[in-house]
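The values are calculated or read from the model by the stated rules, or taken from the named source; none is laboratory data. Keep in mind that what you see is a predicted model, and the values were worked out from it rather than measured. As a convention, Cβ positions derive from the backbone with ideal geometry for all residues, glycine included, and neighbour counts pool all protein chains shown. Quick note on the areas: whole protein, heavy atoms, side chains included, nothing else; ligands and nucleic acids left out. Shrake-Rupley method; radii C 1.70, N 1.55, O 1.52, S 1.80 Å.
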Amino acid sequence: MDIRATLLEEHSKIQMLKIVKYIGDRQDRFDELFNLMLTGEYRVIQRAAWAVHHAAEAQPQLTKPHLKTMVKNLADTKLLDAVKRNTLRILAAIDLPKSLQGIMAEHGFRMLDDPKEPVAVRMFAMTVLYNICQEEPELAPELIAMLEDHLPHGSAGLKARGKKILVELRKMSAG
């Protein structure tokens, strides 16, 4: 299968799942899809990001060689929303190596604090930050302060997730 050509054929869940099935547990095929997410034209990047997320959900071990690139990629302020959203969704579902937690926390706080970021990006950034706080509890007060600052003006989704995370962070800080 030519993954790039398949991505361009149509934008549908069926097409995306066809690509995910083709990738299976093959690292070389995942690597090819991942590289398409990083380079190329808008449509290919956007569709590849969606497929990368689903392939990573099915076979999380395939992301391991790319974690450092994923985190570093989030520094790009011109990164497509689809790439940010799907990258953060992947990072929210895994145990991030300690070596990447510091830089990821910086990116996460920047994205969560930016009201221009799409709600989904901010929500996944919040979840990644919460996960980092599980291992680095000294970051919890900063996340608590940011959530308390943003929740009154946030969307319904941001408020709902933020309230749940605040409850857990406060338990962590109290215990």
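From the list R89, R47, exactly one residue is surrounded by 23 or more Cβ atoms within 10 Å (Cβ to Cβ), charged (D, E, K, R) and outside any loop (DSSP other than H, G, I, E, B). Which is it? Walk me through how you get there before you give the answer.
Values: R89 fails: surrounded by 23 or more Cβ atoms within 10 Å (Cβ to Cβ).
Testing whether each residue is surrounded by 23 or more Cβ atoms within 10 Å (Cβ to Cβ), charged (D, E, K, R) and outside any loop (DSSP other than H, G, I, E, B) leaves just R47.
G154 fails exactly one of the following numbered conditions: (1) under 20 Å from the mean Cα position of the chain (by Cα); (2) modelled with pLDDT of 95 or more. What is the number of that condition?
Failed condition: (2).
Which residue is farthest from P118 (Cα to Cα), if the candidates are limited to region 145-158 and must be open to solvent by less than 70 Å² (accessible area, probe 1.4 Å) and part of a helix (DSSP H, G or I)? Working first, answer last.
From region 145-158, those open to solvent by less than 70 Å² (accessible area, probe 1.4 Å) are 145-147, 150-151, 154-155, 157-158; that's our starting set.
Adding the requirement that they be part of a helix (DSSP H, G or I) leaves 145-147, 150-151, 157-158.
Working: A145: 20, M146: 17, L147: 16, H150: 14, L151: 15, G157: 11, L158: 10 Å.
Step by step, filter region 145-158, then rank; the result is A145.
Do you know which of the residues in region 109-144 that are of a type in the set (S, T, N, Q) and either open to solvent by 40 Å² or more (accessible area, probe 1.4 Å) or not in a helix (DSSP H, G or I) (or both) is nearest to A49 (Cα to Cα)? Give the derivation first.
We begin by selecting, within region 109-144, every residue of a type in the set (S, T, N, Q); these are 127, 131, 134.
Of the ones still in play, those that are also either open to solvent by 40 Å² or more (accessible area, probe 1.4 Å) or not in a helix (DSSP H, G or I) (or both) are 131, 134.
On the way: N131: 22, Q134: 27 Å.
Here the residue is N131.
From K84, K72, K64, K68, which residue is among the basic types (K, R), buried (at least 18 other Cβ atoms within 10 Å of the Cβ) and either modelled with pLDDT of 95 or more or outside any helix (DSSP H, G or I) (or both)?
None of the other options fit; the residue is K84.
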